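These notes are about the structure you will find just below.
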Amino acid sequence: MTSPQKILITGGCGLVGYAAYTHLSRQPERYAVYGLDRRRDLSPRTPGAWRNEIPADRFFLCDLTDFDGIRHAVAGMDVVVHLAADPRGKNWESLRDNNLVGAYHVFQACAEAGVQRIVADRMLHRRRRIAALRHFLRPFQQRHAFWTQTDSNDG
């Protein structure tokens, strides 16, 4: 009998991340599921009846900007499901840290640790994030002729 795959879910206390954690953890013979988030409390976006059931020994309290913490969390994992992000995009710093720097840290740490598979969300609420990024990148676009912006159906 093979041992369960070790799966880390970033954004484990968020709406989508916790739903993924809950679903996978119902199959303990197949998956040993871990969660990572910057806080232990579930997101206010999760239904009120949900309670955080991620055991302390399977939870990593870590911000996406903490590369060493991310490296520690992904060590020994077979799969990393990267769902952590800023779904609101309220300001550039949050978008940069959570959606760009954080994604880079997760992917780089996985590469260094030899993680077999990474599953990554394509950015929740993508249209809102793209609109915010366009706002912050507009001065750059005006200074550099090679930067072009296209509007398409996917954001």
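The values are calculated or read from the model by the stated rules, or taken from the named source; none is laboratory data. Treat the numbers as computed from the prediction; the structure is a model and nothing was measured. Quick reminder, even Gly has a Cβ in these numbers, built from the backbone with ideal geometry, and neighbours come from all protein chains shown.
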Mind checking which residues of region 86-112 are β-branched (Val, Ile, Thr) and surrounded by fewer than 23 Cβ atoms within 10 Å (Cβ to Cβ)? Val101
Set Arg51, Arg96, Arg58: member being more than 26 Å from Tyr31 (Cβ to Cβ) and out of contact with any helix residue (DSSP H, G or I) (no Cβ under 7 Å at 6 or more places or on another chain): Arg96
Of all residues in region 1-48, count the ones that are of a type in the set (Val, Ile, Thr), within 12 Å of the chain's Cα centre (by Cα) and farther than 13 Å from Phe59 by Cα. 1
Meets criteria (touching a helix residue (DSSP H, G or I) at 6+ places or on another chain (Cβ under 7 Å) and at pLDDT below 95) for Ser43: yes
Tell me yes or no: at least one residue of region 54-68 is modelled with pLDDT of 90 or more, surrounded by fewer than 19 Cβ atoms within 10 Å (Cβ to Cβ) and among the polar types (S, T, N, Q). yes
In region 1-101, which strands (runs of 3 or more DSSP E) lie fully inside it and hold 3 or more residues that are in contact (Cβ under 8 Å) with a residue 60 or more places away in the chain and of a type in the set (Val, Ile, Thr)? 5-10, 79-82
Report yes if some residue within region 111-124 is touching a Pro at 6+ places or on another chain (Cβ under 6 Å) and either in contact (Cβ under 8 Å) with a residue 12 or more places away in the chain or acidic (Asp, Glu) (or both); otherwise report no. yes
Take Tyr31 and decide whether it is out of contact with any Leu (no Cβ under 8 Å at 6 or more places or on another chain) and crowded, with 16+ Cβ neighbours inside 10 Å. no
Go through (1) surrounded by 19 or more Cβ atoms within 10 Å (Cβ to Cβ); (2) more than 14 Å from the chain's Cα centre (by Cα) one by one and return the number of the condition Leu83 breaks. (2)
